[in-house]
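The values are calculated or read from the model by the stated rules, or taken from the named source; none is laboratory data. All figures in this text were calculated on a predicted structure; none of them were measured in a lab. FYI the Cβ positions are ideal-geometry reconstructions off the backbone, even for glycines, and counts take in every protein chain you see. Calculation scope for accessible area: heavy atoms of the full protein, side chains included, ligands and nucleic acids excluded. Shrake-Rupley method; radii C 1.70, N 1.55, O 1.52, S 1.80 Å.
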Protein chains: 2
Amino acid sequence: MRISELSRRTGVPVPTVKFYLREGLLPAGRATAATQAQYDEGHEQRLRLVRALVEVAGLSLAAVRRVVAAVDDPPRTTHELLGAAHEALPPAVADDVDVTAATGVVAELGWRIDPRSAPLRQLAAAIAALEAVGMPAGVEVLARYGRALEPVATAEVAAVPTSSREDAVAFVVVGTALYEPVVLALRRLAQQDASARRFGVDCP
Amino acid sequence: MRISELSRRTGVPVPTVKFYLREGLLPAGRATAATQAQYDEGHEQRLRLVRALVEVAGLSLAAVRRVVAAVDDPPRTTHELLGAAHEALPPAVADDVDVTAATGVVAELGWRIDPRSAPLRQLAAAIAALEAVGMPAGVEVLARYGRALEPVATAEVAAVPTSSREDAVAFVVVGTALYEPVVLALRRLAQQDASARRFGVDCP
């Protein structure tokens, strides 16, 4: 198909498609003339992935490039592919953060975690922030959050499609990013309900 | 006490204390001379609250002003005070967002929620974002997240101190803000563990 048809099928404007081609996020089409190229369904699928990562998950171009490289890197297992998708998501945490306390929490939970993974460093940074202001950050307190999240994470991973590598990666990155505001809003609403039960609500 | 002593006790530099005084976040001391004033333990407690809100929870000065106003507003119940603390936290969502779907989720959960509360609008905005890209956003899917978060929210609210209004508000705002990165990192780690169980991990 021509670039105009690729744009029509995906809803991505032609200038944006050309930008993704220049940035290397979308592989070049098969040249049919000096100023024309043909694109196939592989391009269409890749373009849908890039758009979801940029527009929906809000990733930077550098992060999209890492995700696309992971999809193109053939020897990875599905588990490694999902790990690479996670790595691309913010917040970035320095490699040299001390993960001792965070490792203790996942050990208490009995989880299989890559010791170099980004979410482990994110947990380590969050624990350090709690400790800096004297908020409870012990293994038992934090493991309680982890145990509460186990059933939702299991259901989320069970829903990951295996139809294609692009589909799996898009689902993980977009799903991880878009359900975060749901989780945070529901935590506050659950606190509001718990506060009504503990302190009572005055009727007007 | 003099401003220097107030600064020493709280660890807030004198120029910052003067800034908070100018901004009205800290009430003026009792003037003892043209350029001197005396401060008491009420000032010390308020200063600790303002510092926690600004430096730890990362609130804007406008948000701190709203929190401080809620603490000073006498007829509120503890539940209303905690609600006002929640209102001050980002993300801000427009008042006119359609909360129908979000209200359906909290009804399914049986929670007592103020229909004008900020977290309900935050949930509504999160649901709209999911629907815009065709991700599952039905009542059953979202209620599953809510049920998972109930026990942690109950434990969090049980830990709210009742020693003073400042203590309660600081705990709610700082705790809500600082445990959010913990919740998000642990969700990703739980996904990583669930992915290892579903897809298997290659040993090197």
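Odds and ends about this structure:
- Within region A:158-182, if we keep just the residues that are part of a loop (DSSP other than H, G, I, E, B), touching a residue at least 24 places away in the same chain (Cβ under 8 Å) and not small (Gly, Ala, Ser), the residue that is surrounded by the fewest Cβ atoms within 10 Å (Cβ to Cβ) turns out to be A:Thr162.
- Residue check for B:Ser117: under 24 Å from the mean Cα position of the chain (by Cα) and more than 8 Å from chain A (Cβ to nearest Cβ): no
- Check on B:Ala126, in contact with a helix residue (DSSP H, G or I) (Cβ under 9 Å, 6 or more places away or on another chain), within 8 Å of another protein chain (Cβ to nearest Cβ) and open to solvent by less than 10 Å² (accessible area, probe 1.4 Å): yes
- Within region B:109-157, the residues that satisfy the criterion of being without any contact (Cβ under 8 Å) to a residue 24 or more places away in the chain, assigned to a loop (DSSP other than H, G, I, E, B) and over 19 Å from A:Gly58 (Cβ atoms) are B:Gly110, B:Arg112, B:Ile113, B:Pro115, B:Arg116, B:Pro136, B:Gly138.
- Taking the conditions (1) in contact with a Pro (Cβ under 7 Å, 6 or more places away or on another chain); (2) open to solvent by 70 Å² or more (accessible area, probe 1.4 Å); (3) of a type outside the set (Gly, Ala, Ser) in turn, B:Glu41 satisfies each one other than (1).
- Qualifying positions in region B:129-153 - under 21 Å from the mean Cα position of the chain (by Cα), open to solvent by 60 Å² or more (accessible area, probe 1.4 Å) and not charged (D, E, K, R): B:Pro151
- Residues in region A:67-94 that are within 11 Å of another protein chain (Cβ to nearest Cβ), surrounded by 14 or more Cβ atoms within 10 Å (Cβ to Cβ), touching a residue at least 24 places away in the same chain (Cβ under 8 Å) and of a type outside the set (Gly, Ala, Ser): A:Thr78, A:Leu81, A:Leu82, A:His86, A:Glu87, A:Leu89, A:Val93.
- The one condition in (1) without any contact (Cβ under 8 Å) to a residue 40 or more places away in the chain; (2) under 30 Å from B:Met135 (Cα atoms); (3) hydrophobic (A, V, I, L, M, F, W, C) that A:Val97 fails to fulfil: (2)
- Residue within region B:30-39 that is within 29 Å of B:Val157 (Cβ to Cβ) and not polar (S, T, N, Q) present: no
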